[in-house]
1. Could you rank the peptides 251-257, 289-295, 364-370 by their average count of other C-beta atoms within 10 Å per residue, with the highest value first?
2. Cut-off is 10 Å between beta-carbons; in what order do 358, 76 appear when sorted fewest neighbours first?
3. Within 10 Å, count the other beta carbons around each residue, average over each peptide in 270-282, 187-199, and list them highest first.
4. Within 10 Å, count the other beta carbons around each residue, average over each peptide in 211-219, 132-140, 159-167, 341-349, and list them highest first.
5. Just how far, in whole angstrom, is the range 132-203 from the range 1-70 if you go by their alpha carbon centroids?
6. So what's the Cα pair-distance distribution over the chain, bin width 20 Å, in %?
7. Under the 0.36 nm per residue contour assumption, what length would be gained going from the current alpha-carbon distance of residue 305 and residue 269 to full extension?
8. If each of residue 246 and residue 174 carries a label point 7 Å out from its Cα toward its Cβ, how far apart are those two points in nm?
Amino acid sequence: MSMFKDIPVEVGVIYEGERIRRNDMQVELGGPTVKEKFELAKVLPMDAVEDGKITIIGPDLKDLKEGGAYPLGILVEAAGKTLDAGLEGVIERRIHGYLNYIEGFMHLNQRYDVWMRLGKKSFQKGMNSFEYIGKVLYRLFKSELPIIEKVQITFITDPAKISAMYPAAVADYEARDSKARGLKDSEVDTFYGCALCQSFAPSHVCVITPQRYSNCGAISWFDGKASASIDPKGPVFAIPRGEIINAEKGEFSGVNEAAKKRTMGEVTQVWLYTAFDHPHTSCGCFEAVTFYIPEVDGFGVVNRSFKGATVNGLPFSTIADSAAGGRQIDGFHGMSIEYMRSKKFFAADGGWNRVVWVPKEVKERVKEFIPADVVDKVATEEDATNIEALKTFLKAKNHPVVARWEAETAPAVETAAAEETVAAEGQMMPVMTAASLPIMAGGFKIILKDAKIYANKVIIKTVKDEKAK
Ligand code: ZN
């Protein structure tokens, strides 16, 4: 495409969903081994932004040792006559989509969880500077979101500078989230959907409501509304709520219709307030994942940055794999941290009364939203590192789930629990690591699903965004 003639590699929607394996990577930026990393968008006054300026603070791509992982901060500063701070979340989330257009470049997650890889092949073709990445971002921002009149982009790899900027970025995310709290699902007639993750999870549509953030934790209902209004053909779209089919479980006719349409019939029914029966699908970029623990009839939660094994003996990566890929898995639910602050957080399953184990870091972050009568009864890794210890803890604290155990007869609980453990462990084996495998061919994107085992479905999508090709 002529717009990217001076970029050493191709840029186009066709490269979305491209995975870069460890062996094929030149460098990793952010990701699980790097503690501080971020991407942030800020809206500034017109005269504070120099249009097209790209700044690199710290070593450039060509100076980073092959195979290493490095901290990275990306700061996008935009200005425009009708642009306001309410659009920062929308602009920031586009970084994900745009960077994935670059051949041999992978961008995952968001905010303080970003994880990027540059492939060796693209590096060898000359993609060796953030200058190019900045140019791609700059041109896509300007052409896709005309509301942005000026934009300057800064890449920071200097760890000291990242540490200095990090707290302010985190404070910005929190300020954005807190502004979006308060409105109820029942008070609006429009929800929003996000299909940004379909390149990695073809049957996933995020349903964003006032009381349910996107799984990635980066798009509130207000962001969804803003995004759909400034870019109606973009990845975020309005979902007329429709009729309330089930207020308790969170089933709405408009959501079911949108899911059916956007997943090509794969998902036809979604319950927003429960992890069971028709749970919301999980993409791959969720901030945390809930996992059902049959032995105690409660939920555990693990976030992306949690190191080591959770209370059921499995790490985040294994639990995330068993939920990810756009499927509806009973008892497993990829979600945002912000959803844990919502009154609708698994409301149909008992909400916080059903949560038994949460990493300490997450518990601290959401503490003031946990009902006072249960907050001390939710275990962390400091209270329990295995199921037996968890049972003892919950019993000693008289956690609300204990009453559920007593509702059944003791011997039945023992046998049922033992059987369920085996089944659950079987399901959690990493058989779904390649949940989707996209193949690019002549203007079509062919996605082979569950390709590790066999292709049980082939989805052929026309390349929608001709502009970016
Ligand atoms: Zn996602």
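1. 289-295, 251-257, 364-370
2. Working: 358 29, 76 24.
Neighbour counts put them in this order, fewest first: 76, 358.
3. 270-282, 187-199
4. On the way: 211-219: 27.1, 132-140: 21.3, 159-167: 15.2, 341-349: 19.8.
Averaged packing, sorted descending, gives the order 211-219, 132-140, 341-349, 159-167.
5. Distance between centres, Cα-based: 15 Å.
6. Bins of 20 Å from zero give 24, 58, 18, 1 percent of pairs.
7. Values: separation 36, 0.36 × 36 = 12.96 nm, distance 3.10 nm.
9.9 nm is the gain from fully extending residue 305 to residue 269.
8. 3.7 nm
Throughout, read-outs are computed from the coordinates displayed, never taken from laboratory work. Fair warning: this is a prediction, and the values are worked out from it, not measured in the lab. Ideal geometry is used to build each Cβ from the backbone, glycine not excepted, and the neighbour counts take in all protein chains shown.
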